[in-house]
Structure formats: C-alpha cells, structure tokens
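Please read the structure below before turning to the comments.
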C-alpha cells in the first residue's frame, strides 16, 4: 500500500493510473467496520482502491468536536493495509487549505434542511472537500455509506450538478449487534449513554413497522417514534422525520419511497441514523 | 470538426480522447478576433482543441443583456471550423441547468470586488459554469483572455482551490486599430458611442504612462485617468482602479506588478479593460 501525504504526489500517482478503474472511499479516519465494508465493496468492483483520511476542518462548526475528533493514525494505516487498499491519501490541512484558499461549493436546497439546520455550515464543508477530493482522485466510483443519508444525497446532487464523472455508490449502514449504527463518534459515549443510544434505531424501526402495518399519517408515525426516545431524559431529539427519499421533503402522508431520519444529542454527542422504506401500495 | 450538443455525448467523446493533450477555449459565442486568437494559442500547443459556446444564464444579473446577447450560430460554427477546432461543445440551457440544479461554486474574496460589486451574482455564475465545463472537458490547458482580467484571476483561484487538474493560460487582449478591446458587446454601441468607447483604453494608457514616468501616488494617477473619461458626459465610470496584479487589492502607492482596471457604462453597454504594468524600481 502506498501512502501519499501531498497533493502533488497524489496528482503524479493519478496520472500514472490513467487506465485503471479507480474506486474511492473518502473518510475522516477513525476507521470502523462501516468504513471497512465500503473498502470491501470498492475492492470487489475496482482494480485500484484509494482511501483518503482527512479530518476536514471546514465541515465542523464552532464548538463542534474538531479538536477531539479521534485520529488513531497507526491503526487506521494498518486497517487500510489489511483491507487491501492500494493508496492511502493523507493530506495535511495546511496543504489542503492554504492561506489564500477562498472557494466554497454549496448545494443549496438539499443542504439547508435537517442536518443543515442543526449544523449550518456543515454541508458546504462537506461538498467543498468532496469536490476537491473527486478532482484529485478522479475515481470511477465513490463509495458512501447510507448512514449519512442526507450527505449521500447532497453529494449525488453535487456530482450531477457539476458534471463530475464519478458514480456514487450507496452502501448499507453497518450496525452493532443491538442495532446502533457504527460511527466514529460512538466512542465518545459513556456506558450508560451507549445503552440509550440504541433507542434511535429502535424508534426508526417502530416507524418502519407502523408503515408496514399500513400507517400513512406521518404525524401519527412520528409520535410513535418520539415516544421511544422520550423515555430517556438524557436524549435531546434534534429531528425525527418522515421524508421523501429523493427530495428529503417532509411528508404529511407516506407515499412512494420514504426515509425515516433521526438525529439526537446525548450529552454533547450528535448521533444520526435512518431507514429507507417503501410505502404499501394502496389495495 | 465535431459538434456535440449533449452532455452525455461530450462525456463519451472525452473518454475516447483520454490520451490526447486537450486545449480548451470556453466562450459565450459571438466569436471575434479575441476568441480566435485564444483558439490559435490552443491549436499551437495542444493536439486536440475544444471550444464551448454557451450563453450562461447564471452569470447575467436581472436587467442585464441575457436575452439580447448576440447568438450568430452559423457564423460561429464556421469560424470554429476554419480555425481548426476539433470539437465544438454547444449544450442547451435545459440540459446544462436541469430543473433540480442547485449547486453553486463561489470564490469568495476575489469575486466580491470591482466587477463583483458592479454585478453581484456575476462571478458565482462564471465559476459555476467553468467548474462544470472543466469537469466535462478535463482539458490540460484552458485559454482565457487578459481582457477579463478579474475573471482570469478568479478562475485561476478556483482551479487552484478545487484542485482541478488544468493549467490556465493567459492570452493578450486583442484590440481594434484605435485601441478598443474586442468584446462581443461592442456591437451594441452606436457610431458615436463607439468613438467615445476608446477613451477607456486611452485613460488606462495615461495611467501607464504616469507610472512609467515614475508616478507612485495612486490618487494622482487615478485623477489623470478620470480626466480623460470625464470629457464624455455619456460615459459613466463604474470603477477605475490601480490594484495589485495578484490580489486585486486597491493600492495607495504603486509597487511591484500592478493592474490598471476600468469599467464604464455607455448608454446601457458595460465595457471593461485593463493594462498590466510593473512599477519602476526605486533608484
């Protein structure tokens, strides 16, 4: 496995691999089974697999966890090596955002809701870093997890709108045995918080069950989900929504493919999760 | 010469030309000797030359000349053919900006001054369309005229900030015999306005002359330039500035490489021009 830490080095590498089919997994490191499953998907379908590790300061708001975000350098490298990654791109913040850096890429409508409301500058940080990485790596396929569902849609929109020649591949959310979606932020949770955290997935599952039983009134479905979370006074619900799976418009009636999305705050840990589900056909 | 009018067609073409050295001249059509000189530069240094013609609605403000902007389709095609262009990319607005389009690319500091003040959403329209075109064409070199000097710097910054793998090549401004910089908008001028229009270049030349004679006080240089333009009551000065040639910061003392930039309004025609000049070394 090559490790490249400079933009110029990456550009030279990329030119040499002009005829390879390149799969790309962008990450912020602190790799877990979720990232590894993305890497496995990439290895299966591409001749050359690139992983980037970059804790992108631009996507953290003031007061968020940029400085304490985990950076287990050695073990991340080993995990990539063991997973069969061909190239690990690990740029420095100084090179990635030099002093005169002044360009932002913004996906307007899709970025402004849900996570965008909770974290106002988050998505423009994401779309800017992803545009840079896609221009550098020029992958045939870019693998993203469903766990960050809104991010996935925002990046799909970005790639479509800017005509970036990459296919975005959605991979399933990887979960702990008790259902908690894997996240690098789970390690912030205390033992007690960790137990409460599973209730987000439980709530979403309750919503799915309701829909599968034929419920269509979103207000009723949301109440049922809220009830699960309200058992825990330590949990602050940021949003809990039933949306159209493509536009992320909040629905009043369940129709077509929908996504149940939730974000909660436990202590100062921000956790998100979602489930996709198809509405029952009217009989 | 191929003419391609769809994004999908362009993408297929681009894949087939993976190993060519591609030179690119983005235009809004209404081609004149300025564009043709860019095409000649491209032909000289690249194996394959792509020209795009797209009157980009995103870079026109409300009340600007989008609808009346000249579109001489047949003669533009012939000019490209005669100039030895390999591919003419001529997309439709509908395909380029579909209904759900929602992504904007913005270069912040450099875009906000001068032309950016006169035309507040102009540069985000330019940087968005150029990002799309560069992602589609993926040229090795992209040829731009010095006439739109701020635009040139903004695009250079964009390419650097987003790590787009293209070299921006600056080509000299082409002028009429009397000094007027070529522009597709010159055809809007009446005979009388046409005569007055040359005074912009005359004013900038006066500034250059002052600097070459050792003037360093920008206020004095600006007055000298203004004096030329104030002879014509039909001319409204939008700005007339002596700036650092890299940052476009307004200077108070001439130092290093500077750009004299001006924009005027004659009737409802907006004209710009600039000259680069090096300050005399202190003796």
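Any read-out appearing in this document is the output of simple, stated calculations on the displayed coordinates, not a laboratory observation. No experiment lies behind these values; they were computed from the predicted model shown. FYI the Cβ positions are ideal-geometry reconstructions off the backbone, even for glycines, and counts take in every protein chain you see.
Data overview
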| item | result |
| --- | --- |
| On Cα atoms only, tilt of A:33-45 relative to the major axis of chain A in degrees | 60 |
| Rh by Kirkwood over Cα pairs, then Stokes-Einstein D for the protein assembly as shown at 1.306 mPa s and 10 °C, µm²/s | 60 |
| Three-way shape label, the stretch A:153-283, alpha-carbon gyration tensor, a/c 1.5 | oblate |
| Near-label residues of the stretch B:232-253 by backbone N, under 17 Å of a point 7 Å along Cα→Cβ of residue B:226 | B:232-243, B:250-253 |
| Theoretical ellipticity at 222 nm over chain A - DSSP helices of four or more residues, -39500 (n - 2.57) apiece, nearest 500 | -12000 deg cm²/dmol |
| Shortest-first nm distances, residue A:84 label point to equivalent points in other copies (7 Å, Cα→Cβ) | 4.9 |
| Other-copy label distances relative to residue A:214, 7 angstrom Cα-Cβ extension, nm | 9.7 |
| Packing-based exposure ordering (other Cβ within 10 Å, fewest first) of A:16, A:255 | A:16, A:255 |
| Difference of contour (0.36 nm per residue) and Cα-Cα distance, residue B:187 to residue B:78 | 37.3 nm |
| Estimated distance in nm for a label pair at residue B:40 and residue A:95, the labels positioned 7 Å out from Cα along Cα-to-Cβ | 4.1 |
| Sorted by Cβ neighbour density within 10 Å, fewest at the top, the residues B:264, B:174 | B:174, B:264 |
| Förster radius 35 Å - calculated FRET efficiency between residue A:16 and residue A:176 (Cβ-Cβ, nearest 0.05) | 0.30 |
| Chain lengthening between residue A:282 and residue A:257 when straightened (0.36 nm per residue, less Cα-Cα) | 7.6 nm |
| Choice from B:23, B:61, B:207 with maximal GNM fluctuation in chain B (Cα, 10 Å cutoff) | B:61 |
| Using alpha carbons only: equivalent-ellipsoid semi-axes of the stretch B:71-123, gyration tensor based, whole Å | 30, 18, 11 |
| Per-copy distances of the residue B:190 label point, shortest first, in nm (7 angstrom along Cα→Cβ) | 8.0 |
| Debye intensity ratio I(q)/I(0), log10, chain A, q values 0.11, 0.13 Å⁻¹ (C-alpha model) | -0.66, -0.92 |
| Choice from A:233, A:172, A:70 showing the highest fluctuation, given a GNM over chain A with Cα pairs closer than 10 Å | A:233 |
| Ranked list, fewest to most other Cβ atoms within 10 Å of each Cβ, for A:96, B:123, A:201 | A:96, A:201, B:123 |
| The stretch A:121-165 residues near the modelled residue A:265 label - backbone nitrogen below 18 Å, point 7 Å along Cα→Cβ | A:121-123 |
| Where rotation carries B onto A, the chain B residue whose Cβ is nearest that axis, in whole Å | B:105, 3 |
| Gaussian network model of chain A, Cα within-10 Å springs - most flexible of A:93, A:184, A:37 | A:93 |
